[in-house]
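Right, one structure below, let's go through it.
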Amino acid sequence: MAANIRAWSPEDSVAELTDLLHAAYAPLAARGLNLVGLTQTDEMTARRIARGECMVAADSGHIVGTVLFVRRSQDTEWYRRPDVGVVFQLAVHPDFQRQGIGSRLIAAVERRARATGCTDLALDTADSASHLIAWYGRHGFRRVGRLQWPGRGHRSVILSKRLAGGRRG
């Protein structure tokens, strides 16, 4: 059965989403990256969900993927632009990777970004995660900057994608 992409529901389990993030980001930890999603608590997951619009991929009643869309973030100069929507905590459980779920989550967040007037969709990832940078590149994202998150031992690259049909606003 293909995972169903839908909006986060109050009936969904924050603990299940946190566990998904830990599992999905574990291979990056093995590469020496210190990502928020690896160690965040259920309380932090709930705060992050409240910051934007969370979407999940559900399969047989379990959350197997997620993405968080924030209409405008104050985190970086690029993210503060009024025409830029931001993607956070895109993750797919390792058992469900390479099935197109990540691509479907990106497509869903692109549709939502366009509907809210965004002309660009941005995100960041560790600059040493070349496989992720290449994956985002195949989805139309380009490098637009770099940043250093406080408390992280790696630099990140900011990637952005121009959205076809996005309204200026």
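The table below lists the values:
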read-out	value
Hydrodynamic radius by Kirkwood, which averages 1/r over all alpha carbon pairs of segment 70-112, in angstrom	11.7
Where GluC sites (Glu not before Pro) fall in DSSP loop in segment 1-106, at most 13 other Cβ within 10 Å	Glu11
Listed residues Ala30, Ala107, Ala46, most fluctuating in the chain (Gaussian network, C-alpha, under 10 Å)	Ala30
Computed over segment 4-162, Kirkwood Rh from alpha-carbon pairs, angstrom	15.7
Exposed-site-free run, longest, the chain (rule: trypsin sites (Lys or Arg not before Pro); DSSP loop; at most 16 other C-beta within 10 Å)	99-151
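Any read-out appearing in this document is the output of simple, stated calculations on the displayed coordinates, not a laboratory observation. All of these numbers come straight from a predicted model, not from anything done at the bench. As a convention, Cβ positions derive from the backbone with ideal geometry for all residues, glycine included, and neighbour counts pool all protein chains shown.
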